[in-house]
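Structure, as structure tokens:
Where a number appears in this text, it was derived from the coordinates with a stated rule and is not lab data. What you see is a predicted model, and the numbers here were worked out from it, not measured in a lab. Neighbour counts are summed over all protein chains in view; Cβ atoms, including those assigned to glycine, are modelled from backbone coordinates with ideal geometry.
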Amino acid sequence: MLFRSRLQLISLMLPATLLLAVLTLYPISQILINAFSYVDYAGAERQFVGLDNFAELIDDWFFIGAVENTLVFSVMASFVQVGLGLLLAVLFDREFPVKRFALPIVIYPMMLSTLVCSAIWRAWYHYDFGFLNNALVSLGLSPVEWLFDPSLALFSVMLVDVWQWTPMSFLIILAGLQSVPADIKDAALTDGASGWRRFRYITLPLVMPQILLALLLRSIDTFKLFDKVYALTGGGPGNSTSTLSLFIYKQGFKFFNLGLASAGALMMLLIACLLSAVYAWRYVGAKS
């Protein structure tokens with residue numbers, strides 16, 4: 001037997017279990033308690049208020065806007081990243097002259113910290129001296145207020161996230177493509193199947209689990225977006241780039257409304273679990 005006794009098994013699992021309880025279960029339990037309470041930050045007192053915090057959230061225009069921005073960002077950014085990752089994976093699944101040098105360049109953005117990426121793109125987005133506006137002006141076009149136009153700000157932040165995290169989807173899907181048996185491809189080629197038909201009916205179904213896994217991981221990460229918004233726009237202009245994470249942060253640490261922040265965090269957790277369950281169900285279906 002791998003473990004000589006049940007006591008030995010428990011003793012090995014105990015440190016990880018305690019760490020999980022302290023860092024995960026305890027905060028979640030506190031959120032559950034605070035979500036149904038009014039918390040006096042100064043007096044450290046808690047008063048049960050039932051569903052009042054949730055009712056206030058539903059009537060809060062800023063919260064509704066944050067939910068809409070988060071869902072739009074999560075869905076669009078995840079699908080764009082996975083789509084681009086699939087295209088790159090198909091390209092790098094074959095040999096070409098500069099593949100050895102191109103691969104590190106493609107995955108380089110993923111190696112940078114979020115704040116470094118945000119600083120780079122904030123400089124590129126600068127209205128007067130930014131790289132993007134200078135390129136537009138050189139083409140005879142007008143400069144764009146990337147981070148200060150309410151209709152463009154969220155998509156500008158999304159572009160930064162796509163640039164940084166498309167390599168993650170690319171590597172996951174590339175691993176799936178390289179695991180496809182070569183004899184299946186050769187058999188299809190021998191039968192006269194075109195390149196598109198081989199990809200559509202053989203390669204794509206075989207790598208669908210990796211595609212769904214990339215979608216799941218990127219959806220979870222984009223849904224809790226905070227750092228890029230905080231560094232690039234602070235939620236502005238207006239409320240056009242405010243996300244759930246930023247809304248919860250402001251309620252808890254700027255306005256000291258711990259009950260409302262906990263209710264928002266609980267709703268965010270439930271939405272994230274629902275999205276994860278959908279992707280996980282599709283992933284299991286693709287694997288079976």
**Q.** trypsin sites (Lys or Arg not before Pro) restricted to segment 25-108 and DSSP loop, no more than 12 other C-beta within 10 Å
**A.** R94
Q: For Rg and Dmax of the Cα atoms in Å, several values are listed as (i) 18.2, 52; (ii) 23.6, 77; (iii) 19.5, 67; flag the one computed from this structure.
A: (ii)
(Q) Take L204 and S29, extend 7 Å from each Cα along the Cα→Cβ direction, and tell me the distance between the two endpoints in nm. (A) 4.9
Q | In range of the label at D40: residues from segment 244-263 whose backbone nitrogen is under 18 Å from the point 7 Å along Cα→Cβ | A | 256-260
**Q.** Projected label distance in nm at L20 and F131, using a 7 Å step from Cα toward the beta-carbon
**A.** 4.3
Q | Y38 long-range amide H proximity, modeled H, under 5 Å | A | Q47, F48, V49
Q. Picking from S29, S37, S74, which is most flexible by a Gaussian network model of the chain using Cα springs under 10 Å?
A. S29
Q.
Please give me, ordered by residue number, the chymotrypsin sites (Phe, Trp or Tyr not before Pro) of segment 1-84 that lie in loop per DSSP and have at most 12 other Cβ atoms within 10 Å.
A. F3, Y41
Q.
Using the crude model of +1 on Lys and Arg Cβ and -1 on Asp and Glu Cβ, and no other charge, please compute the dipole size for the chain relative to its Cα centre, in debye to 20.
A. 1080
Q) How about segment 148-180: which chymotrypsin sites (Phe, Trp or Tyr not before Pro) there are in a DSSP loop, with at most 14 other Cβ atoms within 10 Å of their Cβ? A) none
Q.
With the crude spin-label approximation of a point 7 Å out along Cα→Cβ, what separation in nm comes out for F148 versus D186?
A. 6.2
